[in-house]
Amino acid sequence: MRRPPRALVLLAALAASFFAVPLAALAWRAPWASLPEVLTTEVVGSALRISLVSSLAASALSAFLGLPLAWVLARVPFPGRSVLRALVTLPLVLPPVVGGVALLLALGRLGLVGRALESFFGVTLFGTLPGVIVAETFVAMPFLVLTVEGALKGLDPRYEDAAATLGASRGLVFWKITLPLAAPSVAAGAVLAWARALGEFGATITFAGNLPGETQTMPIAVYTALLRDVDAAIVLSLVLVAVSLLVLVTLRERWTPQA
Amino acid sequence: MSLEARVRARAGSLALDADVRAAAGETVVLVGPNGAGKTTLLRVLAGLLPLSEGRVTLDGEVLEDPAARRRLPPERRSIGFVFQDYVLFPHLSVLDNVAFGLRARGCSKDQARAEAQEWLERMGIASYASERPRVLSGGQAQKVALARALATRPRLLFLDEPLAALDAGARAEVRRELKASLGRFDGVRLVVTHDPVEAMALADRVLVLEDGKVAQEGTPSELSAHPRSSYIAEFVGLNLWRGRGLGDRVRLDSGGEMLVSHAPMGEVYAALHPRAVSLYRRPAEGSPRNVWSGRIAGLEGEGGRVRVRVEGSIPVVAEVTPAAVAELSLIEGEEIWVSIKATEVSVYPA
């Protein structure tokens with residue numbers, strides 16, 4: 001190959017360092033000596049626990065509700081399908097804070113649905129772990145829906161036809177053929193949704209609040225800590241970086257074909 | 001046991017309008033150009049596409065009748081369907097592919113697997129039972145697909161281009177085995193193909209679909225003797241013209257006249273085997289009958305013979321030996337003289 005143009009190489013190097021330098025700075029400024037101490041403090045421990053529980057729950061909820069939605073979008077022709085798809089895609093581009101405000105108006109104590117939830121079922125979402133899960137699911141589910149819908153569309157419909165001619169009911173076809181064939185993308189979509197939920201900040205703090213031990217997730221804890229204890233913020237950030245790297249590696253090696 | 005179907009259905013721009021009858025133990029082969037609706041017809045009969053009008057009955061049982069709002073879904077039609085490219089489930093082992101239909105019909109796992117194992121042994125592919133379909137060769141995949149379709153003991157067996165996915169070397173042997181397997185199946189057999197050899201080898205009866213309609217129906221020998229469309233004439237390798245019979249000659253619709261030994265009065269077809277067409281470099285001396293000139297439009301080698309397409313006042317395909325090609329130095333684009341014997345032309349009413 002010919003030598004690449006110098007200007008391009010320089011700009012590419014600049015872009016690469018743009019990603020590398022902040023990570024290096026994080027590692028450089030990290031209070032490595034006091035790391036175990038900070039990690040075991042009450043605030044960090046509970047933030048880590050809330051984040052893991054809520055993000056896993058949001059990922060599971062995304063799969064549980066998003067899979068049927070993806071199936072409908074991929075397989076059932078109906079008027080307004082493209083409108084529905086746009087609606088599902090919206091949280092991807094919507095500023096999460098706006099999503100949080102919208103959720104508040106719908107499911108908050110005085111919201112459209114929230115008022116009924118509270119008076120009939122006594123369910124309050126603001127300031128609770130379920131509220132965190134709802135906010136995270138709102139921003140995370142689109143990743144799963146779009147991933148799975150794409151996979152279902154790419155699936156040869158004759159697999160389902162073949163199963164039907166062999167005597168399988170539509171339900172059986174879904175469980176034994178469609179779902180297993182789409183499983184890799186369901187898993188990939190769930191991991192993407194989980195990563196998105198883990199990093200969620202705007203919608204969560206708006207909709208569920210910032211209560212340590214209740215709704216304070218890792219990203220919210222990082223932001224809060226930054227205001228008074230930089231070392232704690234750095235340690236929390238490092239944990240999130242480690243988790244993200246883990247997701248990236250897992251996704252590459254398990255669920256996407258190697259290029 | 002018999003299948004009777006009057007099919008009116010739409011799929012994209014295709015309007016299917018075909019009547020199909022097939023008896024148990026009979027192999028009906030559907031042929032036709034691409035897009036004629038062969039696969040669509042199978043899918044409609046299998047219940048994978050809806051009828052817009054008509055009726056499908058099997059042994060007197062109505063499978064579908066839109067007028068009576070009756071429609072059995074595919075899973076309740078007792079059809080073994082071998083799809084083009086076989087469509088084996090990639091996430092199941094070969095054994096579980098074959099056992100799938102039995103499981104879907106409520107067999108226990110052990111019983112379904114035991115029966116599937118028997119089918120694989122019958123087909124001579126039992127050693128692949130625990131493999132995934134992707135390791136199979138085309139011929140093996142075809143046998144698995146056939147075993148999968150037959151394992152549920154269907155009343156109808158549909159095969160869509162069963163040999164198209166195979167390379168030419170494997171085709172002859174798989175075709176022979178397929179014919180034997182078809183012979184052991186005592187239900188109704190429908191096969192779609194675009195390959196003349198396959199059609200003639202497998203068919204008890206051939207149904208020619210063109211543009212969604214049945215253009216001709218008959219035994220392979222009837223079709224080869226008296227083709228009724230240019231597609232089927234080419235399919236069986238004959239020249240075919242349409243025209244008016246005038247006793248001792250045929251006035252061709254495409255222009256020109258052809259002398260024949262006997263032509264009934266009225267609309268007729270005139271068919272001629274390409275081997276009965278002679279080619280000359282200059283006008284033939286002696287017999288002046290049925291001689292014309294044209295331009296060589298194409299040369300195609302096929303099994304030790306060369307088919308020469310001649311365009312002219314009467315377009316015709318001649319079949320000659322490679323030696324004759326060399327001797328006459330036939331080259332595309334050059335002028336050539338054509339002669340045919342009146343007694344070789346077969347004329348029959350249209």
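Taking beta carbons within 10 Å but only from partner chains, what does the mean come to for residues B:92-98? Please report the intermediate quantities before stating the final value.
Details: counts 3, 0, 0, 0, 1, 2, 1.
Mean partner shielding for this stretch: 1.
Taking all pairs of distinct Cα atoms, average 1/r, flip it, and tell me the Kirkwood hydrodynamic radius of the range B:113-176 in Å to one decimal place.
Result for the range B:113-176, one decimal place: 12.5 Å.
List the aspartates and glutamates whose Cα sits under 15 Å from the Cα of A:Lys153, skipping any in the same chain fewer than 8 residues away.
Hits, sequence-local ones excluded: A:Asp161.
What is the extension gain from B:Glu344 to B:Ser130, computed as 0.36 nm multiplied by their sequence separation minus the C-alpha to C-alpha distance, in nm to one decimal?
Extra length available between B:Glu344 and B:Ser130 comes to 71.2 nm.
Go through B:Lys38/B:Lys143; B:Lys109/B:Lys143; B:Lys109/B:Lys179; B:Lys38/B:Lys179; A:Lys176/B:Lys179 and tell me which ones have a Cα-Cα distance over 26 Å in this structure.
Working: B:Lys38/B:Lys143 22 Å; B:Lys109/B:Lys143 22 Å; B:Lys109/B:Lys179 31 Å; B:Lys38/B:Lys179 20 Å; A:Lys176/B:Lys179 32 Å.
As for pairs spanning more than 26 Å Cα to Cα, those are B:Lys109/B:Lys179; A:Lys176/B:Lys179.
Given the C-alpha centroids of the range A:169-210 and the range B:221-287, what is the distance between them in whole angstrom?
That distance is 68 Å.
Once the dipole of chain B is set up with Lys and Arg at +1 and Asp and Glu at -1 on Cβ about the Cα centre, which of B:Pro133, B:Gly35, B:Val191 lies farthest towards its positive end?
Of B:Pro133, B:Gly35, B:Val191, it is B:Pro133.
Between B:Arg6 and B:Asp110, what is the label-point separation in nm under the 7 Å Cα-to-beta-carbon projection?
Here the modelled spin labels are 5.1 nm apart.
How far apart, in nm, are the 7 Å Cα→Cβ label points at A:Val83 and B:Ala15?
Those two pseudo-labels are separated by 3.4 nm.
How much FRET efficiency would the formula 1/(1 + (r/R0)^6) give for B:Tyr280 and B:Glu234, where r is the Cβ-Cβ distance and R0 is 25 Å, rounded to 0.05?
Calculated value: 0.55.
Quick one: compute a quarter of the convex hull surface over the Cα atoms of the range B:216-263 and quote it in nm².
Computed as one quarter of the Cα hull surface, the answer is 3.6 nm².
Shielding by partners for B:149-159, please: the mean number of other protein chain Cβ atoms within 10 Å of each residue's Cβ. Numbers along the way, then the final one.
Details: counts 3, 0, 1, 3, 0, 3, 0, 1, 0, 1, 0.
Averaged over the peptide's residues, the number is 1.
Averaged across the residues of A:153-163, what count of C-beta atoms belonging to other chains lies within 10 Å of each residue's C-beta?
Numbers: counts 0, 0, 0, 4, 2, 9, 6, 2, 9, 15, 7.
So the per-residue partner count for this stretch is 5.
Counting each DSSP H run of 4 or more residues in chain A as -39500 (n - 2.57), what helix-only mean residue ellipticity at 222 nm follows after dividing by all residues, to the nearest 500 deg cm²/dmol?
-23000 deg cm²/dmol
Over the range A:37-255, what relative contact order in percent results from Cα pairs under 8 Å that are six or more residues apart?
Contact order relative to length: 32 percent.
How large is the charge dipole for the range B:233-341, taken about the Cα centre, if only the Cβ atoms of Lys, Arg (+1) and Asp, Glu (-1) carry charge, to the nearest 20 debye?
With only Lys, Arg, Asp and Glu charged at Cβ, the dipole is about 280 debye.
Of A:Thr124, A:Thr165, A:Thr215, which is the most mobile in a GNM of chain A whose springs link Cα atoms less than 10 angstrom apart?
Between A:Thr124, A:Thr165, A:Thr215, it is A:Thr165 that shows the largest mean-square fluctuation.
What is the projected area of the convex hull of the Cα atoms of chain A, averaged over all directions, in nm²?
About 20.1 nm², averaged over all directions.
Rg to Rh ratio, chain B, alpha-carbon atoms and Kirkwood radius?
My calculation of the ratio gives 1.07.
Per-residue ellipticity at 222 nm for chain B, helices alone: DSSP H runs ≥ 4 residues times -39500 (n - 2.57), over residue total, nearest 500 deg cm²/dmol?
It comes out at -8000 deg cm²/dmol, rounded to the nearest 500.
From zero outward in steps of 20 Å, how is the percent of C-alpha pairs of the protein assembly as shown spread across the bins?
Once binned at 20 Å, the Cα pair distances of the protein assembly as shown give 15, 32, 28, 18, 7, 1.
Assign unit charges at the C-beta atoms only (+1 for Lys and Arg, -1 for Asp and Glu), then state the dipole size of chain B relative to its Cα centre in Debye, rounded to the nearest 20. Display every interim value, and only then the final one.
On the way: 45 positive and 45 negative charges, 169 e Å.
For this selection, approximately 820 debye.
Rounded to the nearest 20 Debye, what is the dipole magnitude of the range B:5-139 about its Cα centre when Lys and Arg each give +1 and Asp and Glu each give -1 at the C-beta?
That gives a dipole near 420 debye.
Where a number appears in this text, it was derived from the coordinates with a stated rule and is not lab data. Because the structure is predicted, anything quoted here is derived from the model rather than measured. Cβ coordinates were reconstructed from backbone atoms using ideal geometry, including for glycine residues, and neighbour counts include every protein chain displayed.
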